[in-house]
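Accompanying notes for the structure given below.
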Amino acid sequence: MHELFPIMSGLLIGGTLGLLRPQTRLAAGVAAAVVLGTIATIVSGEYKISWEFLLIDIPLVAASSLASLVAFRLLGRRQPRPDRR
């Protein structure tokens, strides 16, 4: 249950990264993954055990944001486009 916040925040990041220019996606994605992974560690209280949980939460946010970005891009390609005649 503690991993729900990193996964959901990663899905949110991936959905919004598609709106950014390609030149800024990587930097914005990495920065957001680090910030939200750190917040996830703090919110879940895992930092009281060890700060090493950052090594789990940050990649979890990054991986779910990448999966979300790829899924949204693939779904966007499958949508029929109206004729513009």
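Out of the residues in region 52-78 that are touching a residue at least 12 places away in the same chain (Cβ under 8 Å) and of a type in the set (D, E, K, R), state the one that is surrounded by the most Cβ atoms within 10 Å (Cβ to Cβ).
My answer is 57.
Quick one: would you say residue 5 is within 11 Å of the chain's Cα centre (by Cα), among the hydrophobic types (A, V, I, L, M, F, W, C) and modelled with pLDDT under 95?
yes
Which one is farthest from residue 64 (Cα to Cα), of the residues in region 29-49 that are surrounded by 14 or more Cβ atoms within 10 Å (Cβ to Cβ) and of a type outside the set (A, V, I, L, M)?
That would be 47.
Taking residue 15 as the residue in question, decide whether it is touching a residue at least 12 places away in the same chain (Cβ under 8 Å), exposed (fewer than 15 other Cβ atoms within 10 Å of the Cβ) and of a type outside the set (Val, Ile, Thr).
Yes.
The values are calculated or read from the model by the stated rules, or taken from the named source; none is laboratory data. Model, not experiment: these values are computed from the prediction. Here the Cβ is made from the backbone with ideal geometry for all residues, glycine too, and neighbour counts use every protein chain on show.
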